[in-house]
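So the structure is just underneath, and the comments pick up after that.
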Amino acid sequence: MELTKLEMLYEGKAKKVYKTEVQDQLIVTYKDDATAFNGEKKGSIAEKGAINNQMSAILFQLLEEMGVENHFISLINEREMVVKSVTILPLEVIVRNVTAGSMAKRLGLEEGKILKSPVLEFCYKNDELGDPLINDDHAIALELATKEQIQYIKEQALKVNEILQEFFLTKGLKLVDFKLEFGVYDGKVILADEISPDTCRLWDSNTNEKLDKDRFRRDLGNVEEAYQEVLNRLKK
Ligand code: UDP
């Protein structure tokens, strides 16, 4: 069925979310706007919306096939997808395979060190506080999620890591780290949000060239080209 975009429910930094005539289905429009450092740095990346939408669709479909339930329903066009309407849990779930970003900084590590085993982190999704790092006990005690939900999220996040790491490697990409968000749909926790170069660190597996949002965050140049390169490789 063709869905129609009705009222806009929410506009975030990178996406707009619209109601549709189907109660539990929403339309997400991906924007070219880019922000970093908790909104301090603002800009725009040409075609980012279209790239992130298509890349998320490819990865959500792959994950569904591999048994990871998620909110993706269908692609509408280059920039838009239909998703299940979930209640997002206020958690950012980060999985790391290689040291980079905030973990490298916090622990005084060089970037690029392969971790002996994947590291899973939780951040409390709160812009005013700058998404502070928390642990499972905080999440449960503060009722951000139940103990059972946290256990399930951890299992799912590590499974997503296995699947994506292997898939990206076949495309010549190293999955350094990434952020996931989960939501509740029909009483069950499922994967939601997006999976794109905005939310993953991806390095060329031969050269370690950064092909993700760090090109924007760190003013490395060729930002658009990097996003396009990732989508091209995934489509091959
Ligand atoms: N990340 C994200 N949104 C955030 C924070 C982090 O998508 O609000 C992603 C980021 O792109 C990277 C991973 O999560 O792939 C780990 O990010 P990190 O904690 O190193 O923070 P950053 O260096 O991005 O501030």
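Of the residues Leu164, Leu89, Leu133, the single one that is out of contact with any helix residue (DSSP H, G or I) (no Cβ under 6 Å at 6 or more places or on another chain), among the hydrophobic types (A, V, I, L, M, F, W, C) and surrounded by fewer than 16 Cβ atoms within 10 Å (Cβ to Cβ) is Leu133. Of the residues making up segment 90-118, those that are touching a strand residue (DSSP E or B) at 6+ places or on another chain (Cβ under 9 Å) and within 10 Å of the ligand (Cβ to nearest atom) number 12. All of (1) modelled with pLDDT of 95 or more; (2) surrounded by fewer than 16 Cβ atoms within 10 Å (Cβ to Cβ) hold for Leu63 with one exception: (2). Every condition in (1) over 18 Å from Ile88 (Cβ atoms); (2) of a type in the set (A, V, I, L, M); (3) within 13 Å of the ligand (Cβ to nearest atom); (4) not in a helix (DSSP H, G or I) is met by Leu164 except one, and the failing one is (4). Of all the residues in segment 199-235, those that are in a loop (DSSP other than H, G, I, E, B), surrounded by 13 or more Cβ atoms within 10 Å (Cβ to Cβ) and within 11 Å of the ligand (Cβ to nearest atom) number 3. Only one of the numbered conditions (1) surrounded by 19 or more Cβ atoms within 10 Å (Cβ to Cβ); (2) in a strand (DSSP E or B) is violated by Gln156, and that is (2). Taking the stated definitions as given, is Val160 of a type outside the set (Gly, Ala, Ser), under 19 Å from Glu65 (Cα atoms) and within 16 Å of the chain's Cα centre (by Cα)? Against the criterion (of a type outside the set (Gly, Ala, Ser), under 19 Å from Glu65 (Cα atoms) and within 16 Å of the chain's Cα centre (by Cα)), Val160 qualifies.
Looking at segment 63-131, the strands (runs of 3 or more DSSP E) lying wholly inside it that each contain 1 or more residues that are among the polar types (S, T, N, Q), without any contact (Cβ under 8 Å) to a residue 40 or more places away in the chain and within 25 Å of Lys174 (Cα to Cα) sit at 114-124.
Scanning segment 123-157 for residues that are polar (S, T, N, Q) and within 18 Å of the chain's Cα centre (by Cα), which turns out farthest from the ligand (Cβ to nearest atom)? First the steps, then the outcome.
Step one: list which residues in segment 123-157 are polar (S, T, N, Q), which gives 126, 135, 146, 149, 151, 156.
With within 18 Å of the chain's Cα centre (by Cα) added as a condition, the list becomes 126, 156.
Values: Asn126: 11, Gln156: 16 Å.
If we take residues in segment 123-157 being polar (S, T, N, Q) and within 18 Å of the chain's Cα centre (by Cα), then Gln156 is farthest from the ligand (Cβ to nearest atom).
Evaluated against (1) outside any helix (DSSP H, G or I); (2) surrounded by 14 or more Cβ atoms within 10 Å (Cβ to Cβ), Thr4 falls short on exactly one condition, (2). Here are some conditions: (1) buried (at least 17 other Cβ atoms within 10 Å of the Cβ); (2) in contact with a Ser or Thr (Cβ under 8 Å, 6 or more places away or on another chain); (3) not aliphatic (A, V, I, L, M). Lys84 meets all but one. Which one does it not meet? (2) is the only condition that Lys84 fails.
Could you look through segment 167-198, keep only residues that are assigned to a helix (DSSP H, G or I) and away from the ligand (no atom under 13 Å from the Cβ), and pick out the one that is surrounded by the most Cβ atoms within 10 Å (Cβ to Cβ)? Walk me through how you get there before you give the answer.
Restricting attention to segment 167-198, the residues satisfying the condition of being assigned to a helix (DSSP H, G or I) are 167-170.
Filter once more, so that each one left must be away from the ligand (no atom under 13 Å from the Cβ): 167, 169-170.
Details: Phe167: 17, Leu169: 12, Thr170: 11.
The residue in question is Phe167.
The values are calculated or read from the model by the stated rules, or taken from the named source; none is laboratory data. Note that the coordinates shown come from a computational prediction; the quantities given were computed from them, not determined experimentally. Reconstructed Cβ throughout: ideal geometry from the backbone, glycine too, with neighbour counts over all protein chains shown.
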